[in-house]
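The values are calculated or read from the model by the stated rules, or taken from the named source; none is laboratory data. As the structure is a prediction and not an experimental result, all values here were calculated from the model. Note: ideal-geometry Cβ built from the backbone for every residue, glycine included; neighbour counts use all protein chains shown. These accessible areas exclude ligands, DNA and RNA; they are computed on the full protein's heavy atoms, side chains included. Shrake-Rupley method; radii C 1.70, N 1.55, O 1.52, S 1.80 Å.
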Amino acid sequence: MKLGYSAQMREMDRQVIEDRGVSGVALMASAAEHIAEAVLQKIPPGGHAAAVCGAGNNGGDGIGAAAFLMDKGVPIRVFLIGDAERISPDSSEMARLLEERGGKLERFGRGGDDLDEIEYYLRGCDVIIDAMFGIGLNHELSGDALLAAEIINDSRAFVVAADIPSGIRADTGTMQGTAVMADMTVTFSLAKPGHFVEPGCVHCGELRVCDIGIPLDVINGAMSDTFAVMQEDIYLPRRRPDSHKGNYGRCLVVSGSVGYTGAPALAARAASRMGAGLVFVGVPDSVYDIMATKLDEEMPFPLPSDGSGKIAANAGGELLRRAEECDVCLIGPGLGRSPDISELVTSMLRIVQKPIVLDADGINAIADNIDVLGAACGPLVLTPHPGEFARLGGDLSSGDRLGVARDFARSRGCILVLKGHNTITAFPDGMAFINTTGGPAMAKGGSGDVLAGMIAALIGQGVPARDAVVAAVYIHGFAGDLCAAELGEYSVAAGDIVAMLPRATKLIMNGIS
């Protein structure tokens with residue numbers, strides 16, 4: 001799903017109004033009607049509603065929605081944040097419609113109408129429309145807007161946000177101090193990045209993208225480098241009936257150490273379940289017997305180990321030989337940390353000309369030598385969680401996960417899979433994809449190992465890197481969602497996700513959500 005930025009949405013409105021002759025009032029009325037329809041679906045019989053509106057066009061959407069609702073007999077009051085003398089011309093037309101139906105704009109805030117009475121009314125409402133600010137907000141909520149947001153969040157009402165919850169930046173998903181917590185967000189023409197990137201995605205609730213009359217050619221003409229990944233975006237090639245295991249990739253997994261034999265097993269099994277033809281698992285000889293017992297379909301082989309049960313630096317020759325015979329390398333699950341591991345990973349990055357997926361301790365191994373990423377010979381995929389990303393120098397303190405991920409991928413020339421709620425995959429060319437599957441049931445050790453194995457498997461099969469990584473992230477989350485539905489959020493383990501991959505993949509390939 002293509003996502004639109006606030007500047008693009010303003011330009012689309014300008015094109016339609018100035019070049020196509022569509023009135024701004026008509027667009028606003030259409031947006032207002034969609035908001036009103038959402039309220040009608042949620043308000044109980046005899047229920048009361050409120051619209052808390054700003055002086056800009058977002059406020060006009062809320063005022064217009066209130067006018068539509070009054071036509072349907074819904075008791076609703078409209079509270080204005082700001083000066084009624086400064087509302088936009090299109091919003092003034094919505095206010096006129098409201099007055100024709102017997103409604104009025106009530107001043108919200110200190111020094112206005114009875115604030116205590118208004119607060120009491122809002123806290124008792126069944127539905128509240130948040131139309132204080134739209135996609136153009138670039139500052140923290142303060143004053144009356146902040147007070148209104150706090151009252152809305154403390155109320156028992158079902159909250160419908162117009163375009164995006166007030167306090168959330170549409171382009172980044174960052175929160176401007178405090179933000180409205182909506183149960184549903186009704187947005188227009190295109191969804192925005194802030195609807196999918198945390199914390200914005202948490203504040204949006206259910207998302208509805210509504211057509212307000214912007215012509216399809218204008219929407220299609222808006223170029224975007226950011227997408228929310230939906231099932232229809234997933235590409236998995238059909239297999240030829242005359243194919244064999246050699247057609248589906250030879251995957252090398254470099255992993256494991258004493259005390260960490262689960263990670264390589266999970267990654268290897270996930271690679272097999274994701275279709276890899278052959279999976280070779282290089283582990284220290286100290287755990288080889290354990291791995292040979294754990295793995296049936298995959299093929300573990302022993303490597304020299306150091307005194308602590310980790311792969312030793314002199315394993316490099318054998319690993320380079322094996323890598324030359326494979327189509328993709330996954331380095332990291334359960335490797336542990338040591339100077340030998342750092343030397344080994346650095347050497348493989350500099351020499352191996354095949355795609356490399358760097359996960360977990362593979363990432364930690366180069367954290368003190370991040371510039372080695374620029375010396376990688378082949379395509380490189382990094383799959384850090386936020387802690388590992390911080391060790392790579394990634395700074396998420398701004399809250400802009402999308403922008404930081406994109407900048408890192410561009411500057412380091414790698415594919416970055418920044419794991420977390422709605423995982424972000426960023427590419428060196430600036431393209432970014434926000435995942436829409438997965439949830440808290442997957443917050444278990446081993447989940448990341450499963451994802452790394454899946455990514456390696458698809459790349460090894462020759463699926464283009466962009467399609468392979470985006471598909472693996474989506475299917476991983478989808479399998480987790482299926483597990484949560486079947487087992488409950490508390491009881492899903494990483495092995496359950498591996499076991500669910502066949503069903504998840506089959507459903508996606510058959511177009512069943």
Between VAL372 and ASP217, what is the spin-label point distance in nm, taking each point 7 Å from the Cα along the Cα→C-beta axis? 5.5 nm
Distance between Cα centroids, the stretch 48-127 to the stretch 320-335: provide it in whole Å. 62 Å
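Given the DSSP H assignment, sum -39500 (n - 2.57) over each helix run of at least 4 residues in the chain and divide by its residue total; what's the result at 222 nm in deg cm²/dmol, nearest 500?
One gets -12000 deg cm²/dmol as the mean residue ellipticity at 222 nm.
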Can you pull the Rg over Rh of the stretch 359-446, Cα-only, Kirkwood? 0.95
Cα point-scatterer Debye curve for the stretch 158-245, base-10 log of I(q)/I(0) at q = 0.12, 0.17, 0.22 Å⁻¹: -0.46, -0.75, -1.08
Rounded tilt (10° steps) of 316-325 against the dominant C-alpha axis of the chain: 70 degrees
Expressed as a whole number of Å, what is the distance separating the alpha-carbon centroids of the stretch 406-438 and the stretch 460-513? 19 Å
Apply the Karplus curve 6.51 cos²θ - 1.76 cosθ + 1.60, θ = phi - 60°, to the phi angles in the stretch 412-424 and return the couplings in whole Hz, x for Gly and Pro. 9, x, 10, 8, 10, 9, 8, 6, x, 5, 6, 3, 9
Against the empirical 2.2 N^0.38 Å scaling, what ratio does the C-alpha Rg of the stretch 183-317 come to? 1.66
Net charge (Lys, Arg +1; Asp, Glu -1) of residues whose beta-carbon lies under 12 Å from that of GLU206, GLU206 excluded, is +1
Using alpha-carbon coordinates, inclination of helix 262-273 to the longest axis of the chain, degrees: 80 degrees
Lysines whose Cα lies under 20 Å from that of LYS42, excluding same-chain neighbours fewer than 8 positions away: LYS72
Pop out the ³J(HN,Hα) list for the stretch 289-301 in order, Karplus 6.51 cos²θ - 1.76 cosθ + 1.60 with θ = phi - 60°, rounded to Hz; leave Gly and Pro as x. 4, 5, 5, 5, 7, 5, 9, 9, 6, 7, 10, x, 9
What is the percent of Cα-Cα separations in the chain that go past 28 Å? 58 percent
Computed over the chain: longest principal axis from alpha-carbon atoms vs helix 447-460 long axis, angle to nearest 10 degrees, is 70 degrees
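Given a 1.4 angstrom probe, what's the average accessible area per residue across the stretch 257-369, in square angstrom?
39 Å²
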Cα-based Rg and Dmax for the stretch 1-148, where Dmax is the largest Cα-Cα distance (Å): 15.4, 47
Could you pull out the trypsin sites (Lys or Arg not before Pro) across the stretch 356-464 that fall in loop regions by DSSP (anything but H, G, I, E, B) with no more than 13 other Cβ atoms inside 10 Å? none
Please identify the chymotrypsin sites (Phe, Trp or Tyr not before Pro) of the stretch 455-513 that satisfy two criteria: DSSP loop assignment and at most 13 other Cβ atoms within 10 Å. Which are they? TYR490
Tell me, what is the per residue accessible area of the stretch 407-470 in Å², probe radius 1.4 Å? 29 Å²
